[in-house]
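Below: one structure, written as structure tokens.
The values are calculated or read from the model by the stated rules, or taken from the named source; none is laboratory data. Remember, predicted model here, so these are calculated numbers, not experimental data. Cβ coordinates were reconstructed from backbone atoms using ideal geometry, including for glycine residues, and neighbour counts include every protein chain displayed. All accessible areas refer to the heavy atoms of the entire protein, side chains included, with ligands and DNA or RNA removed. Shrake-Rupley method; radii C 1.70, N 1.55, O 1.52, S 1.80 Å.
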Amino acid sequence: MLTKTSAWSTIRQLTLCFAVLPLFGAVEPIVDIRSRLSNAAATAVIPCAVEGGVVNLAAASAQDPPGFYLEDDSGGIFVVQPESGVPVMIGHRARVYGNCVQSSSSRAEMRAYRVELLPGNMTPLKPRRLFPYEARNPDWQSTLAEVDGIVSDIQRHGDFEFIWLRDTNPFRAAFRIGDQGPITSRLEPGMRVILRGIVAPQEDSSELPRPHQLVLRSGDDLVIVDAPVGSSRQVVYVFLSLAVLAGVWIISLRRAVQERTRELKEALRKAEESSRMKSSFVANMSHEIRTPLNAIIGFSDLLLDGAQGEQKRVLDTIRVSANTLLAVINDVLDFSKIESGKLDMAFEAVSPQSVVEDALDVVSPAALQKGLDIGYLSEPNVPSRVVTDPARLRQVLMNLLTNAVKFTDAGQVSLTLRAEPEVDGRVCLSFAVKDSGIGIPGEKLSRLFQPFQQLDSSARRRHGGTGLGLVISRHLIRLMNGDLFVGSTPGKGSTFTASISCEIAEAAPVSIGLPAAAFALEIDRPWSRAIAESLLAQANARIVPAVEASILLADRPPAVADLRPGRRWIELSPQIRARTTHAGHTVVALPLKPAALAAACRAEPAVQPDAKAAVKPPSTLRILVADDNAVNVKVVTSLLSRLGHPAEIATNGVEVLAAMDKQPFDLVFLDIQMPEMDGLEAARRIREQQHLRSRPWLVALTANAMSSDREECLAAGMNDHVPKPIGLKQLAAALERAEHGLQTANTAPARSLGASAGGL
């Protein structure tokens, strides 16, 4: 046992050693030394030490100085042993002190000045498995390696035998002939062999950098794996073996494919069931929400006609809120249709300018209320009629314009319509909606077309929405053979461009119809002025100073001095106000439209008709409304009464048939979900009777708004499908279609059901 004095002495010695050691900087990991030597000059000398390495091979080359190869887990190095050093053998563990250098043969060497053998001999480390091209790399120098390859040649020079392996760059192994004699007598070119040995520089190579070879230590380092193929029988055997293996593999693969197919079919069945349940849920929720909305929107329309002041403002707010809720329901319904692949398109010939104007009519009131300059400009080469889906195109434009107005507080919202001719009578139409709003950061552009994503999802966001509008719009545009693109600069605004490819129905340019007169412009709104200048340029009209003009366009009312005989003053106003206009003064509502401008240039101010004299003649249509919901019946009958059409009432399909037995009807509104007999069954019963094949005109007035619901109604014998909620405009449009259909039925032979439905 150590005494207290000797223990303190040992501690002081250790402390002194740790204090002095950093001054010498002698001990470093071998891997760090080799890494540093690979880029160092040949004369660089670095003090180093290795402890615990295992001797793999004594010097095997005649050119090598006395020494041995030492290796640990970090790598290997060649140790030049002093003449008075202790003898070492394979498996010895050693502690070596010396200087690390890079020799003239580009090999890391250690010039040892002291070698100490450690107790506990070890077997050589496990060889590193390398490919021939890897073994040529200097990074593996002085390490024990194992190389697998095909023999290409066998050579003997002096005391060495060389085995060349096939590779992109030939690789060789060297064996020094000694007491064991040659080891290559068993080898033939074409054999597959495994060679084990030390990676060392190839001294006799002239390549730069110098390649490395494998130095074999004994005959045991050569292992023959396969003999070369020497006969056709062996070739046949190999091919038969491969065929058997391929057959087994194919059988296993078929079983795996069959199992995977069963799993995929089951997953597909579950996905279809889940999609069906989701679609059913969305349809049911849409039906339940549309039913009360029908009363809210319908009665709001009725009350707004006679409301004044604060009552009118409150009712208008109710109607706008209800329409906003309806838009959300429609977005969710459209997204459900997209996911289930049931979103249908109805292509027909239509004027692209009229579609744009319809979309602007809906959006412009909100824009003008915010003081925005809004309008559209159509280039001269745009065809007058193209074949597309007008309803879906209008939906896309309304979505883009609504977003532009929502995110723009000042400035303008512009829509530019351009056309680029294509082959085979087609044209590419581009609808560019540009605003001067807040813009979109570049990192958030990728989220625009992802469902249920908002650019600002915080609780303090100013603008709401479902995050479905742009997703639905891009899908609709792609169904119309086009795409939707966006460009934006934060703080300066955004531009959304919807491009569609469609057939040309009528290539004639749209005629502006302006008179041959001299025009003057006094318009402060930049975009409205640009639209007016473009329309005048397309009509080849002359623009002159105000004193010389016969027609003056301005965005302000005229003063008394501005009105004079022979000149017309056309005022562009955000809202046509009820006021007295003088002779030669006409008010045109913004956004500016070509037809409205042409009419204002040619016609005198319209005389307001006498409200008492404008009495509409009583309706001759005999109408029956069938619905089991008392509120919905009240809404529809009140709207019909406001439009001048009295109606009879039924609460189910049985009462409808009974009423038709008592008297004929021209038009029947049928709800789908009714007790005792629903609307579909009632329609089938009516069409089964020969004298009721073409009359009455059957209209499905229902909260079921899916495209499959419409198809089901038409297949049952109905002529039209009007989804709830319904207002005065929608009901008036349905009555107009019914009157037209009934007139056509009276002047034509009895038509089939498909012809009646197809006329919608």
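Restricting attention to region 456-482, which residues are open to solvent by 60 Å² or more (accessible area, probe 1.4 Å) and either of a type in the set (D, E, K, R) or at pLDDT below 80 (or both)? Scanning region 456-482 gives D456, S457, A459, R460, R461, R462, R478. C100 satisfies every condition listed in (1) more than 19 Å from R196 (Cβ to Cβ); (2) out of contact with any strand residue (DSSP E or B) (no Cβ under 9 Å at 6 or more places or on another chain) except (2).
Here are some residues: V722, V699. Which one is of a type in the set (A, V, I, L, M), within 18 Å of D627 (Cβ to Cβ) and either under 38 Å from the mean Cα position of the chain (by Cα) or at pLDDT below 85 (or both)? Matching residue, one of V722, V699: V722. Among the residues of region 725-743, those identified as farther than 14 Å from N323 by Cα, aliphatic (A, V, I, L, M) and under 41 Å from the mean Cα position of the chain (by Cα) are L731, A732, A733, A734. When F485 is tested against (1) assigned to a strand (DSSP E or B); (2) touching a residue at least 60 places away in the same chain (Cβ under 8 Å); (3) closer than 21 Å to P421 by Cβ, exactly one condition is not met: (2).
Table: residues versus (1) assigned to a strand (DSSP E or B); (2) open to solvent by 50 Å² or more (accessible area, probe 1.4 Å); (3) of a type in the set (S, T, Y).
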| residue | (1), (2), (3) |
| --- | --- |
| R385 | yes, yes, no |
| R394 | no, yes, no |
| N399 | no, no, no |
| L415 | yes, no, no |
| R418 | yes, yes, no |
| I438 | no, yes, no |
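Among residues of region 209-233 being touching a Ser or Thr at 6+ places or on another chain (Cβ under 9 Å) and modelled with pLDDT of 85 or more, the one that is surrounded by the most Cβ atoms within 10 Å (Cβ to Cβ) is V215. Among the criteria (1) within 21 Å of E503 (Cα to Cα); (2) touching a residue at least 60 places away in the same chain (Cβ under 8 Å), the one L360 does not fulfil is (1). Of the residues making up region 399-428, just one is touching a helix residue (DSSP H, G or I) at 6+ places or on another chain (Cβ under 7 Å) and closer than 17 Å to R385 by Cβ, namely L417.
Could we say that V350 is within 24 Å of K729 (Cβ to Cβ), at pLDDT 90 or above and either open to solvent by less than 10 Å² (accessible area, probe 1.4 Å) or out of contact with any His (no Cβ under 8 Å at 6 or more places or on another chain) (or both) here? Criteria met by V350.
Just one of the listed residues (G197, G181, G149, G158) is in contact with a strand residue (DSSP E or B) (Cβ under 7 Å, 6 or more places away or on another chain) and either at pLDDT below 85 or under 25 Å from G91 (Cβ atoms) (or both), and it is G197. Scanning region 161-178 for residues that are modelled with pLDDT of 85 or more and among the β-branched types (V, I, T) gives a single hit, I163.
Quickly run through region 654-687 and pick out the residues that are small (G, A, S), under 48 Å from the mean Cα position of the chain (by Cα) and more than 20 Å from L731 (Cβ to Cβ).
A682
If a residue counts only when it is free of Cβ contacts under 8 Å to residues at least 12 places away in the same chain and out of contact with any Cys (no Cβ under 9 Å at 6 or more places or on another chain), which strands (runs of 3 or more DSSP E) contained entirely in region 133-202 have at least 1 such residues? Outline the logic, then answer.
Values: elements: 144-157, 160-165, 171-176, 192-201.
Strands (runs of 3 or more DSSP E) meeting the threshold: 144-157.
Taking region 60-103 as the region of interest, the strands (runs of 3 or more DSSP E) fully inside it that hold 1 or more residues being open to solvent by 50 Å² or more (accessible area, probe 1.4 Å) and at pLDDT 80 or above are 93-102. Comparison of S280, S274 shows that the only residue that is open to solvent by 30 Å² or more (accessible area, probe 1.4 Å), polar (S, T, N, Q), modelled with pLDDT under 70 and assigned to a helix (DSSP H, G or I) is S280.
The residue of region 483-497 that is surrounded by the most Cβ atoms within 10 Å (Cβ to Cβ), among those that are over 13 Å from N403 (Cα atoms) and of a type in the set (A, V, I, L, M, F, W, C), is L484.
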